[in-house]
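Engineer: I have a structure here, written as structure tokens, and I will follow up with some questions on it.
Laboratory data are not the source of any read-out in this text; all were calculated from the coordinates shown. Model, not experiment: these values are computed from the prediction. Cβ coordinates were reconstructed from backbone atoms using ideal geometry, including for glycine residues, and neighbour counts include every protein chain displayed.
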Amino acid sequence: MNLRKIIFVAAFLSAALPALAEGEKLSFKGVELGSSLAQIASNPKFDCRIVTTPIADKVCSLRSRETETIAGAPIDSLFYFYDQAGLTGIVINLDEKHFQPVVAALTDKFGGPSLKTETLKNLKGVTFENRIYQWTKPEGSLKAERYAGRLDKSMIRFADVSATQRVQQRRTLLKKDPRKDL
């Protein structure tokens, strides 16, 4: 290998290695946290509306006749949360029976998560182990919860962890001086 090729390979690797070390950015089907509202709002599969939640002023959801999957599993519902046209969160709800294969696919894509377990009881007193996997990246976090509100439903949540603070600070400022709400 001549010197020119060695220099080229070294330059390429030095540019590529930081990106590889950082890993995959948090995204679902190419939609990254922080991305523009236009990416989803222009897609006819989604319906967008104005809301007031702790992390969003707009939410886009999959239209009722549309379908989507995650790791090959059908999704029950899919929501994209936006604040000032930037994506702050994604919530995916699915049947619990698909939870483990989805977690395996998320682990393949984003690396190893941390695991927390908690014990839940149903109304009959039967206990169940809830498994909560979490991935933390510079741009946010990803949480996969085996039981989400019901024993037959799971939830995957992508979140820009700093978005809640930004939204709350901005709303507090508006309350203090309504003249700035123009």
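Engineer: As a footprinting exposure proxy, order S36, S61, S162 by other Cβ within 10 Å, with the fewest listed first.
Structural biologist: S162, S36, S61
Engineer: If you take the beta carbon distance between K45 and E96 as r and set R0 to 25 Å, what does 1/(1 + (r/R0)^6) give as a FRET efficiency, to the nearest 0.05?
Structural biologist: For K45 and E96, the calculated efficiency is 0.50.
Engineer: Subtract the Cα-Cα distance of Q165 and E68 from 0.36 nm times their separation in residues, and report this length gain in nm to one decimal.
Structural biologist: Net length gain for the segment: 31.9 nm.
Engineer: If the reach is capped at under 22 angstrom between alpha carbons, list the lysines near K58, excluding any in the same chain fewer than eight residues apart.
Structural biologist: K29, K45, K143, K175, K180
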